[in-house]
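Participant: The structure under discussion is supplied below as structure tokens; questions concerning it will follow.
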Amino acid sequence: QVQFVESGGGLAQPGGSLRVSCVASGFTFKSFGMSWYRQVPGKEREWVATITPTGDTTNYVDSVKGRFTISRDNAKNTVNLQMNNLKPEDTAVYYCKAEKFLSGSGWMDYWGQGTQVTVSS
């Protein structure tokens, strides 16, 4: 079955760095686009970044551009989010998501369980 193991969350000071990772299994990782989302209590889940299956294209929400970098290693079924110059407003639970469009069926997606990132002095 599909499984994700997320790691790397924790506490960082403003201006600091964290790296969250997501190791996937149970599906053909290299054929799925991978994204990171985040959510704070009482708010909708927010898209943060996406990387294409081959890793040649990335996209980011404006609020993290220049600070966050998404990357993937298809040999290790892993997607990472390097977060630099962290701000208190980056505090959230971060989720990885695998997504693939199937013609005739629509989007297929799988979600990780989430990892907490807290930015505070």
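Participant: Do we have ALA75 as of a type in the set (A, V, I, L, M), farther than 15 Å from GLN116 by Cα, modelled with pLDDT of 95 or more and touching a Phe, Trp or Tyr at 6+ places or on another chain (Cβ under 8 Å) here?
Facilitator: Considered against the rule, which asks whether it is of a type in the set (A, V, I, L, M), farther than 15 Å from GLN116 by Cα, modelled with pLDDT of 95 or more and touching a Phe, Trp or Tyr at 6+ places or on another chain (Cβ under 8 Å), ALA75 comes out as no.
Participant: Could you tell me which residue of region 64-83 is surrounded by the most Cβ atoms within 10 Å (Cβ to Cβ), considering only residues that are out of contact with any Ser or Thr (no Cβ under 7 Å at 6 or more places or on another chain), of a type outside the set (A, V, I, L, M) and part of a strand (DSSP E or B)?
Facilitator: PHE68
Participant: Moving on to the next point. Testing ALA49 on (1) free of Cβ contacts under 8 Å to residues at least 40 places away in the same chain; (2) over 18 Å from LYS65 (Cα atoms), one condition comes back false. Which one is that?
Facilitator: Exception for ALA49: condition (2).
Participant: Contact list please: Cβ distance under 8 Å, first residue in region 9-29 and in a loop (DSSP other than H, G, I, E, B), second residue aromatic (Phe, Trp, Tyr) and surrounded by 14 or more Cβ atoms within 10 Å (Cβ to Cβ), pairs at least six apart or on different chains.
Facilitator: Listed by first residue and then by second, the contacts come to GLY9/TYR94; PHE27/TYR110.
Participant: Within region 84-121, how many residues turn out to be part of a loop (DSSP other than H, G, I, E, B) and over 16 Å from TRP47 (Cα atoms)?
Facilitator: The qualifying residues number 9.
Participant: Return the only residue of GLU6, GLU44 being among the charged types (D, E, K, R) and either in contact with a His (Cβ under 8 Å, 6 or more places away or on another chain) or exposed (fewer than 13 other Cβ atoms within 10 Å of the Cβ) (or both).
Facilitator: GLU44
Participant: Take region 84-112 and flag every residue that is in contact with a Ser or Thr (Cβ under 7 Å, 6 or more places away or on another chain) and loosely packed, with under 13 Cβ neighbours inside 10 Å.
Facilitator: If the condition is that a residue be in contact with a Ser or Thr (Cβ under 7 Å, 6 or more places away or on another chain) and loosely packed, with under 13 Cβ neighbours inside 10 Å, then PRO88 is the only one that fits.
Participant: Of the residues that sit in region 11-32 and are more than 24 Å from GLY66 (Cα to Cα) and among the polar types (S, T, N, Q), which one is most open to solvent (accessible area, probe 1.4 Å)?
Facilitator: THR28
Participant: Also, I was wondering about something else. If a residue must be of a type outside the set (Gly, Ala, Ser) and in contact with a Lys or Arg (Cβ under 6 Å, 6 or more places away or on another chain), how many such residues does region 81-108 contain? Let's see the steps before the verdict.
Facilitator: Filtering region 81-108 for residues of a type outside the set (Gly, Ala, Ser) gives 81-91, 93-97, 99-102, 107-108.
Those left that are additionally in contact with a Lys or Arg (Cβ under 6 Å, 6 or more places away or on another chain): 82, 84-85, 94, 108.
Count: 5.
Participant: Looking at (1) open to solvent by 80 Å² or more (accessible area, probe 1.4 Å); (2) farther than 19 Å from VAL5 by Cα, which is the one condition that is false for VAL119?
Facilitator: (1)
Participant: Given the options THR50, THR54, name the one that is among the β-branched types (Val, Ile, Thr) and either within 21 Å of SER7 (Cβ to Cβ) or in contact with a Pro (Cβ under 8 Å, 6 or more places away or on another chain) (or both).
Facilitator: THR50
The values are calculated or read from the model by the stated rules, or taken from the named source; none is laboratory data. All of these numbers come straight from a predicted model, not from anything done at the bench. Note that each Cβ is placed from the backbone with ideal geometry, even for glycine, and that neighbours are counted across all protein chains shown. In case anyone asks, the SASA skips ligands and DNA or RNA and just uses the protein heavy atoms, side chains included. Shrake-Rupley method; radii C 1.70, N 1.55, O 1.52, S 1.80 Å.
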